[in-house]
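Working notes for the structure below.
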């Protein structure tokens, strides 16, 4: 194998590691939804504990990126790929943080009577993250743009949850503490959607050198 072939193999390995990290984030969201719907405190704590693995993934990928930059002195195009991967891994880690933070609420032993309000938000966020990540590693800007537009639906669901919680408070059909926790959970998911949108923006930068609205 030539030096260039070995280098390209290492670049491809970056994408493999990003997908592994993304899959771990997706699984965390899925398990967080299950924990909320079932009032499963143990599962919520497991999601929180496993966030350390997502953080470890971030450090491992960062190390690989810096190794490539320092050892290979990449040309401009490759350097843009590597630096963009560094940004994407940060967004994935922050999504993991949002999921861990929302599970911290449930891990305190609370049970939510209206957790089902969050199901569309959980589902849409998970699909959005999956689609935008696979579009990123496939360098498919059009697919990434379609996935990023799902953030509009995430925002719509967030405001829908907010409106329904306000209505429930006015009608005295929900406890104030539960309403606050569910709104905070919805906000964590909404922020996760913003970070998923960033991944599309980074692909736009990698492809065209444009960077417009990273949040």
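Please state which of the following conditions residue 203 fails to meet, knowing it meets all the rest: (1) under 16 Å from the mean Cα position of the chain (by Cα); (2) at pLDDT 95 or above.
(2)
Among the residues of region 104-142, how many are at pLDDT below 90 and touching a helix residue (DSSP H, G or I) at 6+ places or on another chain (Cβ under 6 Å)?
5
If you scan region 121-149, which residues turn out to be more than 13 Å from the chain's Cα centre (by Cα), in contact (Cβ under 8 Å) with a residue 40 or more places away in the chain, part of a helix (DSSP H, G or I) and surrounded by fewer than 22 Cβ atoms within 10 Å (Cβ to Cβ)?
135, 137, 141, 145
Test of understanding: among 40, 91, 15, which residue is surrounded by 14 or more Cβ atoms within 10 Å (Cβ to Cβ) and farther than 24 Å from residue 106 by Cα? Walk me through how you get there before you give the answer.
Details: 40 fails: farther than 24 Å from residue 106 by Cα; 91 fails: farther than 24 Å from residue 106 by Cα.
It is 15.
Give just the number: which of (1) more than 22 Å from residue 30 (Cβ to Cβ); (2) touching a residue at least 60 places away in the same chain (Cβ under 8 Å); (3) in a helix (DSSP H, G or I) does residue 167 not satisfy?
(2)
Residues of region 14-33 being in contact (Cβ under 8 Å) with a residue 60 or more places away in the chain and closer than 22 Å to residue 102 by Cβ, which ones?
Let us first name the residues in region 14-33 that are in contact (Cβ under 8 Å) with a residue 60 or more places away in the chain, namely 14-15, 18-19, 21-22, 24-26, 28-30, 32-33.
Within region 14-33, 21, 22, 24, 25, 26, 28, 29, 30, 32, 33 qualify.
The values are calculated or read from the model by the stated rules, or taken from the named source; none is laboratory data. Please read all numbers here as calculations on a predicted model, not as lab measurements. Virtual Cβ from ideal backbone geometry, glycine too; neighbours counted across all protein chains shown.
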